[in-house]
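To start, the structure under review is shown below, and the notes come after it.
The values are calculated or read from the model by the stated rules, or taken from the named source; none is laboratory data. Everything numeric in this text was worked out from a predicted model, so none of it was measured. Don't worry about glycine lacking a Cβ; one is built from the backbone with ideal geometry, like all the others, and counts go over all protein chains shown. Ligands, DNA and RNA are stripped out before the accessible areas are found, and what is left, the full protein with its side chains, is counted by its heavy atoms. Shrake-Rupley method; radii C 1.70, N 1.55, O 1.52, S 1.80 Å.
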Amino acid sequence: MNPKIGVVMGSTSDLGVMNGAFEMLDQFGIEYEKKVFSAHRTPVALDNWVTGARDRGIVAFIAAAGGAAHLAGVVAAHTTLPVIGVPIMSKALRGMDSLLATAQMPSGIPVATMAIDGAKNAAIFCAEILSVTDENLHRKLREFREEQERKILSTEI
């Protein structure tokens, strides 16, 4: 296995949403590793995983968390690799807390932020990043887009 994407979730309860990312990564043939770390409860283990990622072949991260949702920002603070945040729907504020916590990064530490529960788009965004230097993946993305178009244009109302 030669993972290209590091996927981290704040809790196993995020798996339901993140399965969409795993399905898309699998569809595009992109290898990944997945972990559960808490930005607040396991900061040393998270730091070790992130800082060793480049040596393992990781080229981008997807970080999913709900509530305070500091996970993507903490990952971004420890790497210069691209970080894509997936805010997870929360009960208290219907994910707005997660969205704002993920999107409101200080200048100089960017996190690309997807929609609330936008795991599939995070995986597609990773595919787009990798396709810059991978013509086969670029072809798969074009085919994916063409299939989306065909489905919409063939829909009868």
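Points to keep in mind about this one:
- These residues, Asp14, Asp55, Asp134, go from largest to smallest accessible area, 1.4 Å probe, as Asp55, Asp134, Asp14.
- Counting only heavy atoms of the protein chains and using a 1.4 Å probe, Ile109 has close to 60 Å² of accessible surface.
- In order along segment 67-74, phi translates into HN-Hα couplings of x, 4, 6, 8, 4, 4, x, 5 Hz, rounded to whole numbers, per the Karplus curve 6.51 cos²θ - 1.76 cosθ + 1.60 with θ = phi - 60° and x for Gly and Pro.
- Linear extension gain, Asn19 paired with Met96, 0.36 nm per residue minus alpha-carbon span: 25.6 nm
- Cα lying deepest toward the dipole's positive end in the chain, options Asn48, Thr80, Leu153, charges on Cβ: Asn48
- Amide H contacts under 5 Å for Lys35: Val7, Val8, Met9, restricted to partners 5 or more places along the chain or on a different chain, H placed in the peptide plane at 1.01 Å from N.
- Straight-distance crosslink candidates among aspartates and glutamates, where the alpha carbon sits under 20 Å from Lys91 and sequence neighbours closer than 8 are dropped: Asp14, Asp117
- Förster radius 30 Å - calculated FRET efficiency between Asp55 and Phe144 (Cβ-Cβ, nearest 0.05): 0.45
- The alpha-carbon of Lys4 sits under 25 angstrom from the alpha-carbons of these lysines, leaving out residues fewer than 8 places away in its chain: Lys34, Lys35, Lys120, Lys140.
- Stretching the chain fully between Asn48 and Ile152 yields a gain of 33.0 nm (0.36 nm per residue, less the alpha carbon separation).
- Calculated over segment 1-97, the projected area of the Cα convex hull averaged across directions stands at 6.0 nm².
- Surface accessible to a 1.4 Å probe, Thr155 within the full protein complex, Å²: 90 Å²
- For Ser90, net neighbour charge (Lys/Arg +1, Asp/Glu -1) across residues whose Cβ lies under 13 Å away: -1
- Between segment 79-157 and segment 17-45, the Cα center-to-center distance that results, in Å: 14 Å
- Over every Cα atom in segment 68-115, the radius of gyration and the widest Cα-Cα span, Dmax, amount to 10.3, 33 Å.
- The charge dipole of the chain, taken about its Cα centre with unit charges on the Cβ atoms of Lys, Arg (+1), Asp and Glu (-1) only, comes to about 280 debye.
- Farthest towards the positive end of the charge dipole of the chain, among the residues Ala103, Met114, Met24, is the Cα of Ala103, using unit charges on the Cβ of Lys, Arg, Asp and Glu.
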